[in-house]
Each structure stands twice: as C-alpha cells, then as structure tokens.
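Here the structure is laid out as structure tokens; the discussion comes afterwards.
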Amino acid sequence: MDAILLDALYSAILGETSWGSWLDNLALMLPGGKAVLFFHDVDRSSGAFVLSSRFEPSSLKAYNEHYAARNPWMPKAAIRPIGIGVRAEQMLPRQTLEKTEFYCDFLKPQRLQTGVGVTVVRDGGTSFLLSVLCEDIDDSQINKAADTLTRLAPHLRRAFGYFKRHAAEEAVTGLARSIFDLTCVGVLLVDSEMRPIAKNAIAERALSEGHGIGVNVAGRIRIASDEATRAMRQMLSQWDRATLGALRTASFRIAVGRDGPPTLRLSLVPYNNMSEAARYFTGPMVLVLIDDLRTPVKVAVDEVRGALGLTRAEAELAVGLASGSTVRDLALARDVALGTARSQLHSVFAKLGVNSQAETVRLVLRVTGRLSGMATR
C-alpha cells in the first residue's frame, strides 16, 4: 500500500494525476473512508477542507462555513508533534466527541465515527493537516492507518516546498523577463507570513536599501505605510479563491522622508495564478511591484523612440504607461504639467494611429519583444 500511495503522491505533485485520485487511494485504507487535506487557524478558529475525496459538496460547504470553527479535534492538533499520525481517540475521548455538535450534526449523518490524522506543516497559528475519517473499526486497522500517515508526512512536506518554489519561479522569473525589468520596476513575491520568497534584482536592491520598504529582523516585509501594510495583510488572509479574485490591485505612494514628496509607489497584486492544489500548499501570496518615482525611465526608451517614430518625451511617456504608471504619475516624476503630459499622450496616439492607452501599451510591448511574457499575467 505504501508504494502505491507514494507513487500516486509524486504523480500528483508533478501534475501527472490529480490530487483527488491520490486522496481516493488514501481513503481506501479504511472502511467507508473519506480523505481530506485541510488547514486550520487555531487563533481565529477558522479553516477549510481544500482537497478531498468522497465528501459530498454540501458537506464540504457545511464544514467550511460552520463546522470548521466547531471541530473539537483542532485544539489538540495545534500542539501535537508534526509528522506523527494519530488516532482520533488520541485527540479527544470518544465519549466526549459524541456529545459535540460536530459529531452529532456533521460526522454521524455521514456514518463517520473515527479516523486518523497528521499535522504535516505548522506555520504560525495555522496547521496544514491530512485526515482520513471512517466508520467504526478495530484498533489494529486504525493503528496501521495512523502509521501510514506518519510515513507519508515527510513526502507531503516536500510538496509544500516544491509548490512554493515553483510559484516563486513562475511569478518572478516570468515577470523579470517582462517590461518591468526594462523599466526598472522591482517585482517581489510575498508569502502568507509576509516573508519575501522571490524577487528580481531591482526589488532586492530596494529591500536592501530599506527606504519605504524593507525586511525586519524577523525576515518579514516592513512597509513605511500603515495603510499599505493593512492592505497586504488583508490580501494574505484570503484563502478562498472567489474572495481573492474579487480583491483589486492596491497602489500606494510612499514618502521616504517625513515631509518630502512621495518617492516610492508600491502596487499590491493578489497572486491568483495557481490551481486549487497549488494554492493549498503555498497559501495566499501577493506580488509587490516597486517603482522608484525618483528614477526616470531609462531602458527601452531609445528602442521605442526609434521603432515608433516618437520624440524622447513621447517615448518616455509611452514606456512609462507600459510599466503601469498613470499619466499623472509620469507628469510628477518628469516635473511637467499634467496638461503637457496629456498633450504628449494625444501626440503619441496620433503618431501611432491608436485611440487608447491600452493600444499604446500593446505596441510598446511588441517593440520590446516582451508581449508574450506579459500575456499570461
């Protein structure tokens, strides 16, 4: 059984088979088995079944919306040793469990009496767990299943590292080849604990300088703006894909000095370019785009100017738009009146034969040869 489960596990990690198939195999260990990968935040008394086998959709919905906060096994799960498979009765005596709402209204109607579980990873107050729930069975079967979870736990921990590395490479390496590097914009990927897990060279330099954004002694991102910090924490607290997808990019202008003008623009983007399985293993992540407003657009201007027949001022404006700046931002950065910048934009439209900023950006990206790198972002 171990060999079959391990083979199926690595097939799921590498995307050759689905996680549902692996959990189906795992559920077969026990009679009437239902398997689930889930998380629980003990500080908030919240959590969710993320990847599961043999649970009805209505049961998943009920757990995520109601019973997660009433799961009586979770207080013990938050402190038990990581990687050790245990029986349900080691978490809570059966007679105590049977008096709970969780048992009476959630487990019993599904003919679930007991089970085994293992804490795979613990990150702050959040535990990531694997459980197989089942009908009532004899001690030898349940003990054997708990031992199997113990042997599987190290391999599941590898999945967390694999998916986080893969997401980091996907997000930052791909963007590093895009217009952001050409226009001196830093790209930083931040995980659910506000730790930087990947960055391009520009972001690395910005963090090391520590002006407006940096890293504290605990290795977590520090931003010189309470509003931006709150926005990042909100994005990183959203585990539900639907909620995450509804969040919009937030942009903040930050002054390094107490009385000076804004010198840094941070754009926070919820990173949602992942499958449900990958999202379980990585947790919520946020892309941070770092734009130094004191740095004029240096790269790609001559290339765009020559290819599109623009003046230097017009090319700077066009490339600035492609990097995500607004006309107002570019006017401030270049110390020109907003009316002047708008006049230059209309001149760009006329020379390029376009009618919108979006069309202008597409032409700039084609010229720099990076359109394909941005298409999926």
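The values are calculated or read from the model by the stated rules, or taken from the named source; none is laboratory data. Model, not experiment: these values are computed from the prediction. Heads up, the Cβs are rebuilt from the backbone with ideal geometry, glycines too, and the neighbour counts pull from every protein chain shown. The accessibility values were calculated without ligands, DNA or RNA, using every heavy atom of the protein model including side chains. Shrake-Rupley method; radii C 1.70, N 1.55, O 1.52, S 1.80 Å.
Assorted remarks:
- Inter-site label distance for Gln110 and Glu16 at 7 Å from Cα along Cβ, in nm: 3.0
- The packing ranking of peptides 261-271, 96-106, highest mean first, is 261-271, 96-106, where packing means the average number of other beta carbon atoms within 10 angstrom of each residue.
- Ranked by the mean number of other Cβ atoms within 10 Å per residue, highest first, peptides 124-137, 49-62 order as 124-137, 49-62.
- Size-normalised alpha-carbon gyration radius of the stretch 1-60, reference 2.2 N^0.38 Å: 1.24
- Debye log10 I(q)/I(0) for the stretch 83-142, one point scatterer per Cα, at q = 0.19, 0.23, 0.25 Å⁻¹: -0.76, -1.01, -1.10
- Per residue accessible area of the stretch 1-124, 1.4 Å probe, in Å²: 46
- Rg(Cα)/(2.2 N^0.38 Å) for the stretch 1-147, N = residue count: 0.99
- Percent accessible area from carbon and sulfur atoms, the stretch 23-131, protein chains only, probe 1.4 Å: 51
- Packing-based ranking, highest mean first, of 198-206, 314-322 given that Cβ atoms within 10 Å are counted: 314-322, 198-206
- Between Asp147 and Arg44, the distance separating the two model label sites (each 7 Å from Cα on the Cα→Cβ line) works out to 3.9 nm.
- Cross-link partners of Lys61 among aspartates and glutamates (Cα-Cα below 13 Å; sequence separation of 8 or more within a chain): Asp240
- In a fully extended conformation the segment linking Glu227 and Phe349 would gain 40.3 nm over its present Cα-Cα distance, using 0.36 nm per residue.
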